[in-house]
Structure formats: C-alpha cells, structure tokens
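> Here you go, one structure.
Please treat every number below as a calculation from the coordinates, not as lab data. Quick caveat, the model's predicted, so the values are computed rather than measured. Neighbour counts run over all protein chains shown; Cβ positions are idealised from the backbone, glycine included.
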Amino acid sequence: MSTQSDVADLLLGVQSVNTKEQKVFDGQAFPLILIPTDAFKNKEAHFWNAWVKKNLNIIENLLLKYGAILFRGFPFDTPKDFDEFAKAYGYDPFPDIAGIGVRSNIVGNVYTAAEAAPESLIPFHHEMAHVPNNPHILFFYCDVPAKEGGNTPLALSNVIYRKMLERDPDFVNRLEKEGVRYCRVAPNGNDASTGYGRSWQSTFFTSEKEEAEKNAKASGYDFEWLEDGSMKITTEVLRAIRVDKRTGKKMWFNSVFTYLMILSHTSSASNRIIVIFPNGEPVSAETLDTMKQVMDEVRVSFKWLHKDVALIDNRIVQHSRDDFVPPRRIFTSQFRDHEGPTFI
C-alpha cells in the first residue's frame, strides 16, 4: 500500500492510498481511497463531520475528478454516525420515489442498500437511471461485511461509453439518437426475492391507487392496472447517453445492461421488466455479450470493511452488487446536490 501526497497537501488529516483492488483509468487510480493520517486516527466521528463542512469544496472537486471516494478507517461505528457524516455535506435528501429495489429505513436518511436475496443479480447501473429525476450523490456504509462476496463493484460511466462506442458503434449511436423507455410490473406488495420486486405501494409511497397514479404521472410514467392488482409502469423516452456539462464527458447513463442482464438470468422476469426503443421495439440482447465484456474490463471491486463509507457521484459512476454469503448489512443515503441539472 503506497501513499500519494497530492490529497494530503489539500486536506489536512487524511492521506490517499493505493491498493491492488484499484484500476487506473486515464492516468489515475479509481476510486480514490482516503484514510486518516496517524495524527488524526483517534479523532471522533463529530470531528469528521466538522471537517467535511470546512473542506467541502475540496472534497467536491476530488469527487468530480475521481467519481468515487472510499473513506476507510474512520470512526463511523453506527448507522447514526453514518447518517450524520452524510448529512454534513449539506445536500438535500433524495426521496426514493419510483425506485425498483426493496428498501427499509434504518435511521434518519439511511436505508438498506438492497434487500434482494443474497443470490439475486444486481447488475451495474446508475441509481434510478430509469426515471427522469435521479439522485446526484450516493453514500454507502458497511455495517456488517459479508461472510463471503457481497462487494459493491464500481465502474466509470464515460469509460463504459468509450469502450462500447469502439465495439458496437451502430448500437451506441442508435441509443444516443433515439433514447429508450423502461417498462416494469410493480407487484401488489413487495417481493424481496428479486432485485426488481418493489411494490407499487412502496414505489410511489402510498397504498391508495389514485395517489399512486398521481405519483406515477409526476414521475413520468404511463401506467396500467393488471388483474392481479399489480401496476404496469412505462417511462417516457429517456436519453441513454448523456453529457456531463461539468466535464464535457459522455456518460453511459442508462439501465439497458441492467434490464437485459436480469432478463437473461431470470426466466420469471420476461413479463415483468423490459427495455424498448421509442417505437416499441425491444432492445436486442445480441449486444449483451459485448456489454458484459466491457463491464468486466472496467469494474473495480473492493472488499468491504466494517465502517467503510463510499461517496459516489451518481452521474459519473455506476455500481452493482455481487452475490454473497450472509450476514451482510450495507446501508445507503441518497441526495441531490446544489448543482442543479448537470446533463446536457
């Protein structure tokens, strides 16, 4: 493990480290990993909350540069400590309306990251890329690392875009030109056995159908009620390739890989989720092998340690979840930052 001096020069109290788990893209290690310096190792959690507020601009610049920061060895002993650290950034909590994964509130703005079964597939995705409004900032916290597996691999979206464009330009250009729509059947009651089993009640924060319809429309969905009480919801046309105006980089900001991977692994998903072009034509799975290859090349997977906190810019970085042997408790907190719309 080697240290770098650039971050230490910017941020008193921390240093960056390199590990074998990182990969280098465009000349820099990903993600950025920060640990307390020896002189600051015994500082309590409230110190680091004040430290964030004092150094927020620098941290935000580093996050924009690297896309993700892993805080390791900090004294965030409880979900409450994590909640206060995430809130120290001063962002607005993001209401998780229209998400597809089952989640439960833990404390404050902290939720379970995913309640899908340990063997369930959760492929690479930008959080809520399937709806018009997405969280900007994600925090993840390791309360209990898995006995085996359970990593949260990360991937730089602009690198995914570049590699996909090189290998399948016709497909990528069509995605960029036309955009896509996402269709999902939200069951009547949560189904935690899958990674897409969030009920319409939980999706739209209501048990009343009329209110669910109102919230669906506000989230950009067309909807249809099915005989079993479930709700079929289809998004408006969404851009699949987006430009981050802060950097000018094109991002693979879509859930095409996510949906196709679930469909390819779960026979019961065939009538419950689908991704289509605006004309109603399903996105072919023929390019799935190419996407798999690209995702494998760019994925960076680190083993969770207790108290780890990952700070992720959801516009820049995708995340996923490996299967695992329980127990495992990873929590999340999601926010809107103060930038406003950053895609053009």
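> If each DSSP helix of 4+ residues adds -39,500 (n - 2.57) and the sum is divided by the residues in the chain, what number results at 222 nm, nearest 500 deg cm²/dmol?
It comes out at -7500 deg cm²/dmol, rounded to the nearest 500.
> If you take every residue apart from Thr112 with its C-beta less than 9 Å away from the C-beta of Thr112, what net charge results, scoring Lys and Arg +1 and Asp and Glu -1?
Net charge around Thr112: +1.
> Give me Asp228, Asp77 ranked fewest to most by other Cβ atoms within 10 Å of their Cβ, as a rough exposure proxy.
Asp228, Asp77
> Can you pull out the trypsin sites (Lys or Arg not before Pro) in region 238-320 whose DSSP state is coil and whose Cβ has at most 15 other Cβ atoms within 10 Å?
Qualifying residues, ordered by number: Lys245, Arg246, Lys303.
> Right, next: For region 158-295, what is the relative contact order in percent, using Cα pairs closer than 8 Å and at least 6 residues apart in sequence?
So the answer I get is 31 percent.
> Rounded, prolate or oblate: which fits region 243-344 when a ≥ b ≥ c are the square roots of the eigenvalues of the alpha-carbon gyration tensor, with rounded for a/c under 1.5 and prolate only if a/b beats b/c?
Note, shape of region 243-344 comes out oblate.
> For Ile58 and Glu224, compute 0.36 nm times the residue count separating them, minus their Cα-Cα distance, and round to one decimal in nm.
Between Ile58 and Glu224, full extension yields an extra 55.1 nm.
> Suppose we take every Cα in the chain and form the convex hull; what volume per residue is that in Å³?
Expressed per residue, the convex hull around the Cα atoms of the chain is 132 Å³.
> Show me, bin by bin at 10 Å from 0, the whole-percent P(r) of region 158-295 based on Cα pairs.
Result returned by the calculation: 11, 38, 32, 17, 2.
> Would you list, by chain and number, the aspartates and glutamates whose Cα falls below 12 Å from the Cα of Lys147, excluding same-chain residues fewer than 8 positions away?
Asp323
> For region 1-81, what does the relative contact order come out to in percent, with C-alpha contacts under 8 Å and a separation of six or more?
29
> Among the trypsin sites (Lys or Arg not before Pro) in region 93-195, which ones are in a DSSP loop with at most 16 other Cβ atoms within 10 Å of the Cβ? Mind listing them?
Lys147
> Taking the Cβ of Ser193 as the center, what net charge do the other residues with Cβ under 13 Å away carry, scoring Lys and Arg +1 and Asp and Glu -1? Don't jump to the answer; show the numbers that get you there.
Details: positive: Arg198, Arg272; negative: Glu115, Glu119, Asp191.
Result for the neighbourhood of Ser193: -1.
> On to the next question. So which lysines pass the test for Lys177, namely a Cα distance under 19 Å, with those fewer than 8 places away in the same chain ruled out?
Here the lysines satisfying the reach criterion relative to Lys177 are Lys163, Lys245, Lys249, Lys250.
> Something else now. For a quick check: sort Thr203, Thr19 by the number of other beta carbons within 10 angstrom, fewest at the front.
Ascending Cβ contact count within 10 Å gives the list Thr19, Thr203.
> Percent relative contact order of the chain, based on C-alpha pairs within less than 8 angstrom and at least six residues apart? Each step should come with its number before you reach the end.
Working: 711 pairs, mean separation 103.4, N = 344.
With pairs under 8 Å counted, the relative contact order is 30 percent.
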